[in-house]
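Worksheet: one structure, shown below.
The values are calculated or read from the model by the stated rules, or taken from the named source; none is laboratory data. As the structure is a computational prediction, the values presented were derived from the model and not from experiment. All Cβ positions, even for glycine, are placed from backbone atoms using ideal geometry, and neighbour counts span all protein chains on display. Each accessible area value is taken on the protein alone, full model and side chains, heavy atoms only, with ligands, DNA and RNA left out. Shrake-Rupley method; radii C 1.70, N 1.55, O 1.52, S 1.80 Å.
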Amino acid sequence: MTGAFIPLDVMASATDTGRRPSSLRVLWRSTIGKKTVMAVSGGILLLYLIVHMLGNLKIFAGSTSFNEYAEWLRVFGEPALGEGWLLWVVRVVLLTAVIAHIVAAWQLSRLDIRARPVKYAHGRRRATYATRTMRWGGVIIALFVVWHILDLTTGHVNPLGEEGRPYENVVATFSTWYGNTIYIVAMLALGLHIRHGFWSAAQTLGVNHPRRDRALKATATGLAVALTVGFVSVPIAVMTGIVS
Amino acid sequence: MTLMKLTLRIWRQAGPDEPGAMTTYELDGVSPEMSFLEMLDTLNERLSAEGEEPVAFDHDCREGICGSCGMVINGDAHGPERTTACQLHMRSFSDGDVIDIEPWRAGAFPVIKDLVVDRSAFDRIIGAGGYITAPTGSAPEAHATAVPKEAADLAFENAECIGCGACVAACPNGSAMLFTAAKVVHLNALPQGAPERESRTREMVAAMDAEGFGGCTNVGECATACPKGIPLFSITRMNREYLRALRKG
């Protein structure tokens, strides 16, 4: 008699020889997995931003010091590495992180929007400002990065655009009203993005804990403020004539 | 006792594929002692007497423990108090108030009629792993499996979920993460749930995604709306469990 009552699907699974999809595939297909990709790629970008911001502060040491620092980034690791290799390694890592971050965000946002096809008649503001502006803030930051690269990496849209003179190029950008506006708006969006993103990443990766929550939120706010203030200090210094 | 006069704007929809609209009703003689559902009963008695179709809404125990009732009241799942709609009392409102009453809004919770939605998506998530596999028929010796106090507390906290769906209704993404997390954390915390810890987590999350719920953006509205106080940290724990399950393959 035993066995007669085993449901068909149980018997099928007992003799199932089909292999399960790999964990990475499962990860990318699931909403939690895509959030994990966003958390990890966001973390890589955040680490880069901290280094980038600290490097920017070199501008306060003057033209020679800043330009020498920029040159050092090019020749870093020589003779083991060739000129500019470090920069290209960093660029590949960053580009991969940015693409992963944007693709996951795009796919998750589409799912989220589709999950509520009919809106509430009695709507109300949900979530904090930083949380609500994640998507549009992200778009603003992405557009900013395109401009920023054309401005200070390739020099195409820079008012001066001289190779090997990053200090002078920076001063040229922040001597224009639009340069300052674009930069400061983007940095404010970045601060808000980090404020929610850092804590949210801790949630997604499962590292948050009731006892750790306040510290993580404080760290998120601290990082957001430090990065925004650090980045914005450069255009303000140019505007006020501290850097010229 | 002062009776209240209210203006109710209720979502009326005759069937799953019928168009719906917010319909306005004036209701007199509402006492502050009434529960929100009793207030709707009063309206329905009048509508029936007038030959109109009464407002359909889910309800069962009316004690706040079954998870049947649920409606979005003035934009809040279960209304302004942190409880179920059946345990919400009219003293939370004032004379002359305009109250908007809508069904849970989620693609995975299609409207059946008026305020009644189909929540069988939750049943399918449970079916994917919200159980333990154990021989039934003879009760095991109660002391055979020791449960650490911390694990018992965690399991109890999450076992309080009544599956009402307020978390989905309140989430701007219509996400079922808090519901799924409550079940995963509850069972994974206990030794009885340990043998299926990884498969449960993987399969319940897969079932949740397959139903078309949105993802979690850590807004926290679910935990604020939850009448049983399932903490947001349950989602953190489920994320941890999920990544652990994938690592174990």
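Numerical summary
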| quantity | calculated |
| --- | --- |
| Magnitude of the charge dipole, the protein assembly as shown, Cβ model with Lys/Arg +1 and Asp/Glu -1, debye to 20 | 1600 debye |
| Within 10 Å of each Cβ in B:173-182, the average number of Cβ atoms from other chains | 3 |
| Overall form of segment A:54-100 per C-alpha gyration tensor (a/c, 1.5; a/b vs b/c) | oblate |
| Percent carbon-and-sulfur accessible area, chain A, ignoring ligands, DNA and RNA, probe 1.4 Å | 69 percent |
| Charge dipole (segment B:19-124, unit charges on Cβ, about Cα centre) - positive-most of B:G51, B:V117, B:A85 | B:V117 |
| Segment A:23-70: Rg to Rh, with Rh as the Kirkwood radius over Cα pairs | 1.37 |
| Portion, in percent, of the accessible area of segment B:119-247 that falls on carbon or sulfur, probe 1.4 Å | 57 percent |
| Cα gyration tensor category, rounded, prolate or oblate, for segment B:10-122 with a/c compared to 1.5 | oblate |
| Distance cut-off 13 Å, percentage of C-alpha pairs in segment B:102-146 lying past it | 69 percent |
| Positive-end residue of A:L192, A:G43, B:P103, charge dipole of the protein assembly as shown with Cβ unit charges | A:G43 |
| Kirkwood Rh in Å, taken over all unlike Cα pairs in segment A:100-172 | 15.5 Å |
| Equivalent-ellipsoid semi-axes of chain A, from the Cα gyration tensor, Å, largest first | 44, 24, 17 |
| Low-density loop cleavage sites - GluC sites (Glu not before Pro) in segment B:60-157, where at most 10 other Cβ are within 10 Å (DSSP) | B:E63, B:E141 |
| Debye, to nearest 20: dipole size of segment B:27-94, +1 on Lys, Arg Cβ, -1 on Asp, Glu Cβ | 280 debye |
| Rg over Rh, two decimals, chain B (C-alpha only, Kirkwood Rh) | 1.04 |
| Peptide-level mean, for A:24-37, of C-beta atoms on other protein chains within 10 Å | 5 |
| Dipole magnitude of segment B:1-143, debye to nearest 20 (Cβ charges: Lys/Arg +1, Asp/Glu -1, about Cα centre) | 400 debye |
| Residues of segment B:4-102: accessible area per residue with a 1.4 Å probe, Å² | 45 Å² |
| Straight-distance crosslink candidates among lysines, where the alpha carbon sits under 21 Å from B:K113 and sequence neighbours closer than 8 are dropped | A:K119 |
| Euclidean distance between Cα centres, segment A:137-152 to segment B:194-249, Å | 34 Å |
| Hydrodynamic radius by Kirkwood, which averages 1/r over all alpha carbon pairs of the protein assembly as shown, in angstrom | 26.2 Å |
| Column: log10 I(q)/I(0), Debye, Cα scatterers of segment B:119-247, q = 0.09, 0.14, 0.21 Å⁻¹ | -0.24, -0.58, -1.24 |
